[in-house]
Amino acid sequence: MERTDVYLQLVTQNPLLLAPIALFVALFVVIPLDKRLFFSLMILVPWLCVARSAGLGPIAAAAKLSSGGAYLLIALSALTHPGPKREIPGIVWMFVIVAVMGIFFVLTVQEQTIAIVLRVQWVCVTLAGVLTARTIVSYSDLKRIIDALTVGVVCALALPISSLILFPSESFLRGVGRFQPWGSNSNQTGMLFALATPLLGYAALSFKRISFRPFFLGLLALTIGMAILTGSRQTMVAIIMVMFPILLVVSKRPIMMMLGLVVAAVALPFVFSLGADADLERFGSLESGRLSIWKAYWTSVFPQRPLFGLLGTNGESYFKSLSEVGLHPHNAWFDLMYVGGAAFALPMVILTVYSSYCGFMIWRSRKLLPGDPLLYSIIVVLLGAMYFQGLFNQVVYWPTYTWSYLHVVLASIFICMWKNIREGYVDDALYDDEPSEDYFEENTFNDEEEFEDFSDTASP
């Protein structure tokens, strides 16, 4: 029985599981148009985290089956969002076009139902991401997206924290000594932690009410502690990457640094005391078996169908057998190559390279843009971390993660903004405006003092 059939059976046996989803949809309808996008993004993160928590049983099944609906709510919110909309260059629409192409590559595979569902969900992800980028025309629009996701990760972190506190031993599953809250995969849970750390770090530095900053610092310390317990090396590298701009600023603010150290001195021992079953020895090794898997795909799989992948194959498995070469290639672009060959992977490689370039140019131009330069540094490095993790897993193009959606948003907006700057319309990249409703403090940092380390490369 395919996984989709299992999920459907679980949900049909427990129809009340759909009640929270119905409630979200009802709330969505009554919420004013200008608040719907914030609301949809806020619930997206915990929604998708529940979907990855297999230990929650039918609750996770209901969330996973409806994850495409979560993206559709975002797409609808973005489409109906009041105010001006950004012009989207043709290359950005390649995300959606290639996603639609992906459906045709899997029409004849062995696991047809689950494959088509996953590909349709990815279409929903790309559509939601591009339409969200279309709503970001001012600095407050960008901040609103960040604020909504920050609230979302705060809510989502309740899952791993509750698992660690309530069931510390059971949270280290499969006898491998890796933190897997509510049955989620360690590396997949790491995506939440890698997303949460820069958002919490930025909130701790810039939240308008100073009394709330220790809360964000405490939650940040707990998040880093839980990330260590996963034993995920790719997660820790990603966290180091996304926290680098924040640490540069904190190093120049002694009071904030001392407060952070005090909070960490309390929170980290607490986390580690609950994670006594954790096995952290894998941090001392680089061995993962990925090199042999990549070699097998490159020498045995891709040469068979280099141009169009699974297109037109008769009964070929959407998920390669472990006995053959490995269930997954553990590389985002290798996974695309397997599904659709060069016709599917090459456009996404082009988008990867070009969006990375545009992000770098946005970072170089950050002092010309409105708002806080630190925020631009964070989101640029965040996209880089997403692509880095894509070297070791396929999550960046997988439809059931906030990580995947945000990657499309950031890549799209960087391409759009750089187009404006390149053409000499810097003011059109992001308008400088005053938000009507601000959750976080703007202009927190002194441009020259806080970013003097970057002065040599700051100007485009």
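The values are calculated or read from the model by the stated rules, or taken from the named source; none is laboratory data. Just so it is clear, the structure is predicted and the values come from calculations on it, not from any experiment. Neighbour counts are summed over all protein chains in view; Cβ atoms, including those assigned to glycine, are modelled from backbone coordinates with ideal geometry.
If you go through the stretch 201-232 and keep only what is farther than 21 Å from SER285 by Cβ, free of Cβ contacts under 8 Å to residues at least 40 places away in the same chain and small (Gly, Ala, Ser), you end up with just SER211.
Of the residues PHE244, PHE319, which is surrounded by fewer than 17 Cβ atoms within 10 Å (Cβ to Cβ) and assigned by TED's automatic domain parsing to the domain that holds ILE165? Steps first, answer last, please.
Working: PHE319 fails: assigned by TED's automatic domain parsing to the domain that holds ILE165.
Exactly one residue qualifies, and that residue is PHE244.
For GLY309, the conditions (1) over 30 Å from LEU217 (Cα atoms); (2) under 24 Å from the mean Cα position of the chain (by Cα) all hold with the exception of (2).
Cβ-Cβ distances below 8 Å connect the following pairs, each with a first residue in the stretch 286-298 that is of a type in the set (D, E, K, R), a second residue that is modelled with pLDDT of 85 or more, and a separation of six or more residues or different chains: ARG290/HIS330; ARG290/ASN331; ARG290/PHE392. Residue-level check: of (1) closer than 19 Å to MET241 by Cα; (2) assigned to a loop (DSSP other than H, G, I, E, B), LYS320 misses just (1). The condition of being surrounded by fewer than 16 Cβ atoms within 10 Å (Cβ to Cβ) and either assigned by TED's automatic domain parsing to the domain that holds SER186 or in contact with an Asp or Glu (Cβ under 9 Å, 6 or more places away or on another chain) (or both) does not hold for SER288. Taken as a whole, the structure places ILE224 among residues that are modelled with pLDDT of 90 or more, among the β-branched types (Val, Ile, Thr) and either surrounded by 24 or more Cβ atoms within 10 Å (Cβ to Cβ) or farther than 19 Å from LEU44 by Cβ (or both). Remark: pairs (first residue in the stretch 400-414, touching a residue at least 40 places away in the same chain (Cβ under 8 Å); second residue of a type in the set (S, T, N, Q) and buried (at least 24 other Cβ atoms within 10 Å of the Cβ); Cβ separation under 6 Å; 6+ apart in sequence or on different chains) = VAL408/THR126; VAL409/THR132; ALA411/SER355; PHE414/SER355.
Can you confirm whether ASP433 is touching a Pro at 6+ places or on another chain (Cβ under 7 Å) and modelled with pLDDT under 90?
no
ALA221 meets each of the listed conditions (1) on the phi > 0 side of the Ramachandran plot; (2) assigned to a helix (DSSP H, G or I) apart from (1). Output yes when any residue across the stretch 38-51 is in contact with a Leu (Cβ under 7 Å, 6 or more places away or on another chain), hydroxyl-bearing (Ser, Thr, Tyr) and farther than 24 Å from GLU170 by Cβ, and no when none is. Checking the stretch 38-51: at least one residue is in contact with a Leu (Cβ under 7 Å, 6 or more places away or on another chain), hydroxyl-bearing (Ser, Thr, Tyr) and farther than 24 Å from GLU170 by Cβ.
Per-residue answers, yes or no, for (1) assigned to a helix (DSSP H, G or I); (2) crowded, with 22+ Cβ neighbours inside 10 Å; (3) outside the structural domain of LEU200 (by TED's automatic domain parsing); (4) in contact with a Leu (Cβ under 6 Å, 6 or more places away or on another chain):
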site: GLY68; (1), (2), (3), (4): yes, no, yes, no
site: GLY90; (1), (2), (3), (4): no, no, yes, no
site: ALA99; (1), (2), (3), (4): yes, yes, yes, no
site: ILE103; (1), (2), (3), (4): yes, no, yes, no
site: LEU107; (1), (2), (3), (4): no, no, yes, no
site: GLN110; (1), (2), (3), (4): no, no, yes, no
site: ILE114; (1), (2), (3), (4): yes, no, yes, no
site: ALA128; (1), (2), (3), (4): yes, yes, yes, no
site: CYS155; (1), (2), (3), (4): yes, no, no, no
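Among the residues of the stretch 251-278, those that are in a loop (DSSP other than H, G, I, E, B) and more than 24 Å from SER232 (Cα to Cα) comprise SER251, LYS252, ARG253. Scanning the stretch 45-60 for residues that are assigned to a helix (DSSP H, G or I) and surrounded by fewer than 24 Cβ atoms within 10 Å (Cβ to Cβ) yields PRO46, VAL50, ALA51, ALA54, GLY55, LEU56, PRO58, ILE59, ALA60. Picking from residues in the stretch 247-264 that are touching a residue at least 60 places away in the same chain (Cβ under 8 Å) and surrounded by fewer than 19 Cβ atoms within 10 Å (Cβ to Cβ), the one that is farthest from VAL396 (Cα to Cα) is LYS252.
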